[in-house]
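Below is one structure; the comments refer to it alone.
The values are calculated or read from the model by the stated rules, or taken from the named source; none is laboratory data. In this text, all values refer to a predicted model and were calculated from it rather than measured experimentally. Note that each Cβ is placed from the backbone with ideal geometry, even for glycine, and that neighbours are counted across all protein chains shown.
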Amino acid sequence: METPLSNSGNPPPKPTQRAPLALSGLDFKLLKVFKAVVEAGGFSAAQNELNVGLAAISKQISDLEIRIGMRLCTRGREGFHLTEEGRLVYQASIDLFASVDNFRDRLSSAQNELIGDLGVGVIDNTITDPNSPLVAALKRLNDQSPKVRFQLQASQLDEVERGVVEGRLVAGIVPVYQKREEFDYYALYEERSQVYCALGHPLFEVPDAEISSQMLKDHECVNHRYAIHRDKLNFARYDSFSASATQVEAVALLVKTGRFIGFLPQHYAATLVAQGQFRALRPELINIVTPFNLILRHNTVRSPLVKAFAQALGVDLKAPI
């Protein structure tokens, strides 16, 4: 059924002065729809997340635009794009819902019960690492506070960091190559990596005793673009990076061609080694250690839910590194 808002066409011209917007329950609903559309990357992609049809989503966004008197996005053959006002409203909606969650967390904490959404970003392909405390922490938190809703996002490093900075994620568990001032860092565990080649590579059948550091440098190596370690240059040259990848699995796929060597976490490569597909080269010599930290946005209030998550991880929030 059409409403007067949806029949009124484009949003009205902005008046020179508007009365302060008094948010209603409907406004919260429309803002949640808008936030979901932005994070999904468009109307069509948001249908599964919102469990409503395309026409309903379009109408709700139009209603929101009319309600606040701003054009928030463009949509059509050119794709989905936010306007400058849309970016402002999206960031403000993140802050709004974070404040609501914090309010709810404080009330539930006073009632000795945690509820709310826990958005955590983790780096891809860490499920096989026995040193990671994440799975045990999630299980412990779920046992203690079953009404907490987990929102776990696995992606590459820059995506996790961006999510924490923008407030879409309250925490990240990431490898640390260099610290950024936007975050507070808390030590969790270390990941060990070695250099590998695959069946069919010229070094696969060469005994370790015959493989020198210089010999490794003579072979093409995959550049894992965000995994920056100075120690790698002892075994690979910058000009040998004729292939690059941003994720662990992408590195492994390139190594599997038999044309490249590459650095991979031991826990990830273990199955491929056991299957006879991969081989670690000079493992007694080459061990790259990467610290993994919990990251939280700097200078933000730690909600009871974040504190409970940190405690489940065994992290003291009073002791950043």
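Screening segment 260-298 for residues that are part of a helix (DSSP H, G or I) and not hydrophobic (A, V, I, L, M, F, W, C) and picking the one that is surrounded by the fewest Cβ atoms within 10 Å (Cβ to Cβ) gives T271. Give me the residue from segment 80-107 that is aromatic (F, W, Y) and touching a residue at least 40 places away in the same chain (Cβ under 8 Å) and, out of that set, nearest to I66 (Cα to Cα). Top of the filtered list is Y90.
Which of the residues belonging to segment 161-189 are without any contact (Cβ under 8 Å) to a residue 60 or more places away in the chain and either among the β-branched types (V, I, T) or touching a helix residue (DSSP H, G or I) at 6+ places or on another chain (Cβ under 9 Å) (or both)? Hits for segment 161-189 are L169, R180. When A154, A227 are screened for being under 29 Å from the mean Cα position of the chain (by Cα), at pLDDT below 95, more than 30 Å from P304 (Cα to Cα) and small (G, A, S), only A227 passes. Within segment 214-243, the set of residues being among the small types (G, A, S) and surrounded by fewer than 13 Cβ atoms within 10 Å (Cβ to Cβ) comprises just one member, S242. Only residues that are farther than 30 Å from R230 by Cβ and touching a residue at least 12 places away in the same chain (Cβ under 8 Å) were counted in segment 263-315, giving 11. Assessment of segment 7-24 against the conditions (surrounded by 10 or more Cβ atoms within 10 Å (Cβ to Cβ), touching a Gly at 6+ places or on another chain (Cβ under 9 Å), farther than 12 Å from L64 by Cβ and modelled with pLDDT under 85) yields at least one matching residue. If the condition is being in a loop (DSSP other than H, G, I, E, B) and surrounded by 13 or more Cβ atoms within 10 Å (Cβ to Cβ), then segment 39-89 contributes G42, F43, V52, G69, M70, R71, L72, R75, F80, T83.
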